[in-house]
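Just below is one structure, and these are the notes that go with it.
What follows is calculated from the coordinates using simple rules that are stated; it is not laboratory data. All figures in this text were calculated on a predicted structure; none of them were measured in a lab. We place every Cβ from the backbone using ideal geometry, glycine too, and count neighbours over all the protein chains shown.
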Amino acid sequence: MSTQPGQNSSRNRLHIAVDAMGGDAGPEVTIPGVALFLDQAADDVDISLFGDKTQIQPHMASLQAQAHRVTVHHTAETVAMDEKPAQAIRRRETSMALAIKAVKEKTAAVAVSAGNTGALMAVAKLGLRTMPGIDRPAICASWPSPEGMGAVLDVGANVECSAEQLVEFAIMGEAFHRAVHGKAKPTVGLLNIGTEDVKGHDEIKRAAKLIRDCGLDMDFRGFVEGDGISLGHTDVIVTDGFTGNVALKTAEGAARLIAHYVREAYSESVASKMAAVASMGVLKRIKERLDPSRVNGGVFLGLNGVVVKSHGGTDAKGFAAALTVANQMAHSQFADEIAKNLNRLEDVRGLPTESVM
């Protein structure tokens, strides 16, 4: 019987490597997050914590009955949240680097960190390299929609992208959605300023033609406007990292503003407060839908190994959500699923520009 990378063949156990020191609060959040995750995860999943034992130990009590599933690997070095990527890649004994190394050496199936995004991407790319056929890795984020969950990429790794890179993102995003959100045939769209074929810059138009001409096994729906991200016009929406990151931060701000307006409206008078009490169940459901921690966990796609980035300012619940995404990715056949579409893309790479315009 074959096993996934990071699984112990004798016991068939899956290991997740965790940068315990990453994020704004470090072990104060990551260890309770691990505890929440293990409480609901299958019994065949174990955690390898990388970090300073003296800082980790005070929080180990939160693991309680799950402590036997956690191993601590001591290192005194950490990557600061404001550390430059060039500096981070020179230090090989940080908690972040060692978590990535565990994936490279296949002692873990996936690595999770709430640390510095730029440093994490640099360390991961140096340590794992990109998959054959992938030019650049991308960060993929789950996004709430009326139908459940969508996926948006890139949300920060690549400021500018060529048409070929956007097609790679589409291939990876579709496989991610299938692996994490379970839809057999996700729909895919390219983010644009309009849905008409004549709209957008040359690279976005060429990317759409490439997807159609490659004969990809993909339900491609063409262009999607900005409102289509939250409205779920397609399951996967592809864009460059600059635009995607702006959209992500805009959505997070809008969610906080809506939550503020709701609280303000229900506290204006005695009558509104009574209405709030009467509709407590509805308000609780709205709060849960707007809770950023529910969809925490951006995945670095395109590497020879899986890395999940948790929001640096998340709480334990949010970090547990990132670990859940990592677990789903580790159990998926993500790499195998994208291989066939990458091969089809390779068939048209190198063709004269005018043939794909």
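Mean residue ellipticity at 222 nm from the helices of the chain, using -39,500 (n - 2.57) per DSSP H segment of n ≥ 4 over the full residue count, to the nearest 500 deg cm²/dmol?
Theoretical 222 nm ellipticity from helices: -13500 deg cm²/dmol.
LYS106: which lysines have alpha carbons under 18 Å from its alpha carbon, excluding same-chain residues fewer than 8 sequence positions away?
Answer for LYS106, where 18 Å is the Cα cut-off: LYS125, listed by chain and number.
Suppose every K and R has +1 on its Cβ and every D and E has -1 on its Cβ; what is the size of the dipole of the range 24-72 about the Cα centre, in Debye to the nearest 20? Mind dumping the intermediate values first?
Numbers: 2 positive and 7 negative charges, 29 e Å.
Dipole magnitude for the range 24-72 comes out near 140 debye.
What dipole magnitude, in Debye to the nearest 20, does the range 10-114 give about its Cα centre under +1 on Lys/Arg Cβ and -1 on Asp/Glu Cβ?
Its charge dipole is roughly 460 debye.
Quick one: which residues, 5+ away or cross-chain, put their amide H under 5 Å from the amide H of VAL45? H built at 1.01 Å from N.
When sequence neighbours closer than 5 places are left aside, the close amide H contacts are LEU14.
Using amide H atoms built in the peptide plane, which far-off residues or other-chain residues are under 5 Å from GLY222 H to H?
Amide H to amide H, under 5 Å and 5 or more residues apart or across chains, GLY222 pairs with LEU190.
What helices does the chain hold that run 27 Å or longer along their axis, going by alpha-carbon atoms, with a Kyte-Doolittle average of -1.0 or more, using DSSP H for the helix calls?
241-265
From the backbone phi of the range 57-74, what are the Karplus-calculated ³J(HN,Hα) couplings (6.51 cos²θ - 1.76 cosθ + 1.60, θ = phi - 60°) in whole Hz, Gly and Pro given as x?
So the J values, rounded to whole Hz, are 3, x, 9, 5, 4, 5, 6, 6, 5, 9, 4, 5, 9, 10, 10, 9, 10, 6.
Which of the GluC sites (Glu not before Pro) found in the range 168-202 are loop residues per DSSP with 11 or fewer other Cβ atoms within 10 Å of their Cβ?
Passing sites in the range 168-202 are GLU196.
Throw me the Rg/Rh for the chain, computed over C-alpha atoms with Kirkwood Rh, two decimals.
Details: Rg = 21.1 Å, Rh = 21.2 Å.
Value, to two decimals: 0.99.
Given VAL180, CYS214, LEU191, which one lies farthest toward the positive end of the charge dipole of the range 175-219, if we put +1 on the Cβ of every Lys and Arg and -1 on the Cβ of every Asp and Glu?
Comparing the listed Cα positions along the dipole, VAL180 ranks first.
Ordered by packing density, taken as the mean number of other Cβ atoms within 10 Å over each peptide's residues, highest first, how do 97-105, 233-241 rank?
Result, highest mean Cβ count within 10 Å first: 233-241, 97-105.
Run the dipole for the chain about the Cα centre, Lys and Arg Cβ at +1, Asp and Glu Cβ at -1, nothing else charged, and hand back the magnitude in debye, nearest 20. Numbers along the way, then the final one.
Numbers: 37 positive and 42 negative charges, 135 e Å.
Using only the charged Cβ atoms, the result is roughly 640 debye.
Which residue, THR94, THR71, THR243, has the most motion in a Gaussian network model of the chain that connects Cα atoms within less than 10 Å?
The residue with the greatest mean-square fluctuation here is THR71.
Under 10 Å, Cα contacts only: if you run a Gaussian network model on the chain, which one of ALA35, ALA138, ALA175 comes out with the highest mean-square fluctuation?
Comparing ALA35, ALA138, ALA175 in a Gaussian network model of the chain, the most mobile one is ALA35.
I need the shape label for the range 133-239. Rule: rounded when a/c is under 1.5, else prolate if a/b > b/c, else oblate, with a, b, c from the alpha carbon gyration tensor.
Judged from the Cα gyration tensor, the range 133-239 comes out rounded (a/c under 1.5).
Check LEU303: other-chain or 5+ apart residues with amide H under 5 Å from its amide H, H built from backbone geometry?
Long-range HN contacts for LEU303: MET131.
Taking the chain as a Gaussian network, Cα atoms linked when under 10 Å apart, which of GLN55, GLN66, GLN40 shows the biggest mean-square fluctuation?
GLN40
Can you flag which of LYS53/LYS84; LYS183/LYS205; LYS183/LYS340; LYS101/LYS340; LYS185/LYS309; LYS53/LYS101 are past 22 Å Cα-Cα?
LYS53/LYS84; LYS183/LYS205; LYS101/LYS340; LYS185/LYS309
Can you say what percent of the DSSP beta bridges in the chain, counting only those with both residues inside, are antiparallel? Round to 5.
35
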